[in-house]
Amino acid sequence: MSSRKLTAGSAHLVGQEAIEAKGYWQTYRLLILRRVVQLSVLGLFLLGPVAGVWLLKGNLTSSQVLETVPLSDPFVYLQTLFAGHPGETTMLIGTAIVAVFYLLVGGRSYCSWVCPINPVTDAAGWLGRRLGIGRKVSISRKLRYWILALTLILPAVTGIVVWELVNPVSLLHRGIIFGMGMGWYLIAAIFLFDLFVLPKGWCGHICPMGAFYSVVGKYSPLKVKASNRDACNDCMDCFAVCPEPQVIKPALKGKDKGIGPVILSPNCTNCGRCIDICSVNVFEFGSRVANQMENQP
Amino acid sequence: MSGREANNRKKEGRNRRQFLTDSARGLCSMGLIGVGLGMYGRQAQSHAPEAIRPPGALPEKEFLSACLRCGLCVEDCPYDTLKLAQLTDPVANGTPYFIARDVPCEMCDDIPCVVACPSGALEKSLDNIDDARMGLAVLIDRETCLNVLGLRCDVCYRVCPLIEEAITLEIERNTRTGVHASFIPTVHSDHCTGCGKCEEACVLEEAAIKVVPTALAKGSLGKHYRLGWEEKEKAGQSLMPDLIKLPTRRPENSK
Ligand code: SF4
Ligand code: SF4
Ligand code: SF4
């Protein structure tokens, strides 16, 4: 079984086993749910300018729910703080609300459930798997933390919130609501980079926003857990679909080393793709405390 | 030393080397990206003079560090004056601005854009729109302005929300005809808010009156300059009483 290749083009199509064992719905339900959530977030913001229904106003960097509750992105706030602007109360409250939310549901849940770039890089990943395109360069997955540091140091030195001039995440979300202009080229560039140069390149290696939310979610209680890891048949499908495959291994294969079944790495995006794609239902959502309990002899 | 230990040593060495190359690589890429971003950031600071910031905007440099690019000001502007800059616009990406010739600011009494701003990039302390200083209107081309040519167009003056304060018509002699007067539209910086109504309304193909950033429009006296007549008024008397006595020179035989 382990001789099977990860990429398509070979006989084994990622997800086939799961579809056969569980059917389409069970194999794709979290993915569909995620797309629904992503579209709803965008849709709620668009409802204002398009239909005049103002449930959500602004965009992901800062917004107002029903013209009362403020929400602000803590990463963008941090950049303005480093640029020397402490901010207004409204923004601070908004930032706190968002930060606490992601602290609870897992920082990078932002990435897989909200971020507008995610469907773009997911699409590139999917197409790359279909076409069997491998990586052309290798970059350390730590690069994003260096870039994160940079996005905070540069404002401190130059006084300008530099990253937000180019940040494709806010650019795309803002663009869809307020007009993209040439911004599409940047998004296309990310798609092509992920497709032809480095699979999972942007989100998994470069994006400082993802790195920031990893830090936010370091101690989040909501985690994915390989509860049923003994049933694993080494089909490797979960590794193929996971945007951060390196996070799976300890939890899935670490039993002999005494590692608990919970995926503890803050890089896990809580997308739940592994839960769906596994034909023998190894994974489920769980809490990080479960790890300690199951680790008791 | 047993073979195993030596092996471990080797491995450790390799790990250390790996770590060092990794760090060096990280630092180098970070340096490169940093320089690129930094330069782009500097570049982004210079924006086209026709792009005017919303009322209450902090000075440009601070504004760029404060604005979240959320567009709340844009969405709350009832006249669709404001827009958010796109990637290739001549304004820092994502920040709000308007082009007066397209849609000027209508100077709302309740200043919804300022109220909406969550970050303080638009200063909440601005509670009277007449105090806004988005820029300064300048009669930038006297060669085409109809009023300067001696006609009575007056449109910029008429549309000014602060008519007779921000724009007045100053009478000059029309030297072409020699017998008529020209009514020169004249902007006063102590009242002009930079809303751009005049620029929008100018009847010419290309406006002769334009709103530009205040810093571009205004000269400034040297800090040490004193205006004699103002000082005199302050002091209540001439500052150099009887200081200079000039000898009266007359032709010898005159009285
Ligand atoms: S890593 Fe960045 S671009 Fe990717 S999903 Fe997360 S925030 Fe979005
Ligand atoms: S004062 Fe009114 S018209 Fe002018 S920019 Fe603000 S909201 Fe728009
Ligand atoms: S509301 Fe304030 S922070 Fe948001 S775009 Fe306008 S000026 Fe910037």
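Bear in mind these aren't lab numbers, they're just calculated from the coordinates by the rules spelled out. Predicted model, so just to flag it, every value in this text is computed and none were measured. Neighbour counts run over all protein chains shown; Cβ positions are idealised from the backbone, glycine included.
Couple of notes before you dig in:
- Helix-only arithmetic for chain A: the sum of -39500 (n - 2.57) across DSSP H runs with n ≥ 4, divided by the residue total, places the mean residue ellipticity at 222 nm at -15000 deg cm²/dmol.
- Local charge for A:GLY128 was computed over the other residues whose Cβ lies under 13 Å away, with Lys and Arg +1 and Asp and Glu -1, and equals +3.
- Alpha-carbon radius of gyration plus Dmax, which is the widest Cα pair, for chain A in Å: 19.8, 59
- Nonlocal amide H pairs with A:VAL262, under 5 Å, H built at 1.01 Å: A:ALA226
- Each of A:THR68, A:THR269 was scored by other Cβ atoms within 10 Å of its Cβ. Arranged with the fewest first, they read A:THR68, A:THR269.
- Degrees separating the helix A:168-178 axis from the principal Cα axis of chain A, which is the longest one: 60 degrees
- Rg/Rh for the protein assembly as shown (Cα atoms only, Rh after Kirkwood) is 1.15.
- Cysteines not pairable in chain B (beta carbon separation under 4.7 Å absent): B:CYS28, B:CYS67, B:CYS70, B:CYS77, B:CYS108, B:CYS117, B:CYS145, B:CYS153, B:CYS160, B:CYS192, B:CYS202
- Here the calculated FRET efficiency for B:ALA181 and B:ILE140, from their Cβ-Cβ distance with R0 = 25 Å, stands at 0.70, rounded to the nearest 0.05.
- Across chain A, C-alpha contacts under 8 Å between residues 6 or more apart give a mean separation that, scaled by the residue count, equals a relative contact order of 24 percent.
- Length released on extending from A:TRP184 to A:ARG135, taking residue separation times 0.36 nm less the Cα-Cα span: 15.3 nm
- Averaged over the residues of peptide B:85-95, the number of Cβ atoms from other protein chains lying within 10 Å of each residue's Cβ is 6.
- Summed side-chain charge close to B:SER125 - residues other than B:SER125 whose Cβ falls under 12 Å, Lys, Arg +1, Asp, Glu -1: -3
- Computed magnitude of the charge dipole of chain B (debye, nearest 20; Cβ of K, R +1, Cβ of D, E -1): 2020 debye
- Region A:171-227 and region A:108-149: distance between their alpha carbon centers, rounded to Å: 6 Å
- The fewest-to-most ranking of A:SER62, B:SER189, A:SER112 by surrounding Cβ atoms within 10 Å reads B:SER189, A:SER112, A:SER62.
- Annotation: extensible slack from A:LEU104 through A:ALA156 equals 15.8 nm (criterion: 0.36 nm per residue apart, minus Cα-Cα distance).
- Candidates B:GLY71, B:VAL159, A:CYS271 compared by Cα position along the dipole of the protein assembly as shown: farthest toward the positive end lies A:CYS271, with charges placed on Cβ.
- Taken about its Cα centre, region A:33-216 carries a charge dipole of about 820 debye when Lys and Arg each add +1 at the Cβ and Asp and Glu each add -1 at the Cβ.
- Here the sum of -39500 (n - 2.57) over DSSP H runs of 4 or more residues, divided by the residues of chain B, equals -9500 deg cm²/dmol at 222 nm, to the nearest 500.
- Residue order, fewest to most surrounding Cβ atoms within 10 angstrom, among B:TYR97, B:TYR79: B:TYR79, B:TYR97
- Considering only A:SER109, A:ILE160, A:SER138, and ranking their Cα positions along the charge dipole of region A:71-168 that arises from unit charges at the beta-carbon of Lys, Arg, Asp and Glu, the one farthest toward the positive end is A:SER138.
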